[in-house]
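Reviewing the structure listed below.
The values are calculated or read from the model by the stated rules, or taken from the named source; none is laboratory data. Quick caveat, the model's predicted, so the values are computed rather than measured. So basically every Cβ, Gly included, is an ideal-geometry build from the backbone, and we count neighbours across all protein chains shown.
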Amino acid sequence: MGARRKAAIAGSLGLAMLLVAACGGGDDGGESSDGTPTVRLIVSEGDSLPFIGAEAGAALGVWDDKGINVKIIDGTSSTVGPSIASGNAEIGLGTGVKAASDIIAGLDATLTAGDVLPWDQYVIASPDAGASKPEDLKGKKFGISSFGSAGHFATLTVAKNLGWSESDYEVVPLGNLEGLLGALRSGTIDAFIWSIETVLTAENEGFGENLGSVADLVGPNAFEAFLVSNKYAKEHPENVKAFFEGYFEAVEKLQADPDWVKKFVVDEWKKDPEVADEAVDLLLPILSTDGEIPQENLEGLADAVHTTVEGIGDFDITSIYSYWKDL
């Protein structure tokens, strides 16, 4: 596979190091006025259903009896790793492939838990593409946010598993979700792969058609995952464990009360009620309740990194993963 279809591994590390140099590094989250330590969690997207355990967990007070405060920072896929590197966050949550590639590139952190293990993305196509299933998109243009992104990997893997060659489709990088949506509306691209909430919104507005989940085509993986600063985990393992105990306690509470989740998403995040209703029903059951990443999922994650990142070389995926309960 050519470099034009891969992200350069040096990019991840370079960005992190630039941010460290600019910020001069940082201490941990410190303590509140009552002496309670603060753990800073940076998420790759705010108000996002796969990360509902964070904001809803705070609203439910799951950390109140855990001896920590949790501060949630909205970031992007490209700022999670640098924020860990610079000491501006202790824990990160985003796509597993980006977390793993940042660590392999030199980020001093460890994968500690999975948030969503199945590849929770769907194919959305323009009605003008004339497609009713992914197979019908052979010969079409697929948008991606960037090379090395989760959608990029999903597109390459779906194409591979459908038996397509590189000449059977085109990949067009468009920067971000707004660019993808604009290109789909204008006909610049025929399809892209993204999370269910975006797919349902486009479908409801009439400029997109949901062609279904790609989870089976992608196979076992770690779609959304946590990474933790090695320095912080070594110095404060009790705080890290307290964070994850609270987080997965929140997930269990949310799964037991989907109606509460739907109301939270509509009232707090201002999501469309119809979209929220269906998206919550699809997402809640696949949230991990303990964070453990099985071996076959780690192997799938390693494949995702190899597929999307240029110059990665050989690596042992198990060497960058340590289950949070074992810290």
Original post:
Any residue in the stretch 194-215 that is out of contact with any strand residue (DSSP E or B) (no Cβ under 6 Å at 6 or more places or on another chain), of a type in the set (Val, Ile, Thr) and farther than 22 Å from residue 150 by Cβ?
Top reply: no
Subject >> Tally of residues being more than 13 Å from the chain's Cα centre (by Cα) and assigned to a loop (DSSP other than H, G, I, E, B) across the stretch 48-64 >> reply: 4
**OP:** For residues that are in contact with a strand residue (DSSP E or B) (Cβ under 6 Å, 6 or more places away or on another chain) and β-branched (Val, Ile, Thr), scanning just the stretch 172-193, find the one that is surrounded by the fewest Cβ atoms within 10 Å (Cβ to Cβ).
**Re:** 172
Subject >> Hits in the stretch 148-167 (condition: touching a residue at least 24 places away in the same chain (Cβ under 8 Å) and either out of contact with any strand residue (DSSP E or B) (no Cβ under 6 Å at 6 or more places or on another chain) or more than 20 Å from residue 219 (Cα to Cα) (or both)) >> reply: 149, 153, 156, 157, 158, 161, 162, 164, 166
Original post:
For the subset of the stretch 303-327 comprising residues that are under 14 Å from residue 223 (Cβ atoms) and not hydroxyl-bearing (Ser, Thr, Tyr), which member is surrounded by the fewest Cβ atoms within 10 Å (Cβ to Cβ)?
Top reply: 303
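Starting from residues that are part of a strand (DSSP E or B) and of a type in the set (A, V, I, L, M), keep the ones in the stretch 107-142 and report whichever is nearest to the chain's Cα centre (by Cα). Working first, answer last.
Initial filter on the stretch 107-142 (part of a strand (DSSP E or B)): 109-116, 122-125, 141-142.
Then drop every residue that is not of a type in the set (A, V, I, L, M), which leaves 109, 111, 113, 116, 123-125.
Values: 109: 16, 111: 13, 113: 12, 116: 8, 123: 17, 124: 18, 125: 22 Å.
Going through the qualifying residues, I end up with 116.
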Original post:
List pairs: first in the stretch 253-278 and in the same structural domain as residue 289 (by TED's automatic domain parsing) and over 22 Å from residue 199 (Cβ atoms), second at pLDDT 95 or above and surrounded by fewer than 17 Cβ atoms within 10 Å (Cβ to Cβ), Cβ under 6 Å, 6+ apart or cross-chain?
Top reply: none
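Can you tell me which residues in the stretch 226-249 are in contact with a Leu (Cβ under 6 Å, 6 or more places away or on another chain) and surrounded by 17 or more Cβ atoms within 10 Å (Cβ to Cβ)?
Quick first cut of the stretch 226-249, residues in contact with a Leu (Cβ under 6 Å, 6 or more places away or on another chain) only: 226-227, 233, 237, 240.
Answer for the stretch 226-249, where residues must be in contact with a Leu (Cβ under 6 Å, 6 or more places away or on another chain) and surrounded by 17 or more Cβ atoms within 10 Å (Cβ to Cβ): 226, 227, 233, 240.
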Subject >> Tally, over the stretch 171-194, of residues that are out of contact with any helix residue (DSSP H, G or I) (no Cβ under 7 Å at 6 or more places or on another chain) and part of a loop (DSSP other than H, G, I, E, B) >> reply: 3
Original post:
For the subset of the stretch 143-171 comprising residues that are surrounded by fewer than 16 Cβ atoms within 10 Å (Cβ to Cβ) and not small (Gly, Ala, Ser), which member is nearest to residue 215 (Cα to Cα)?
Top reply: 161
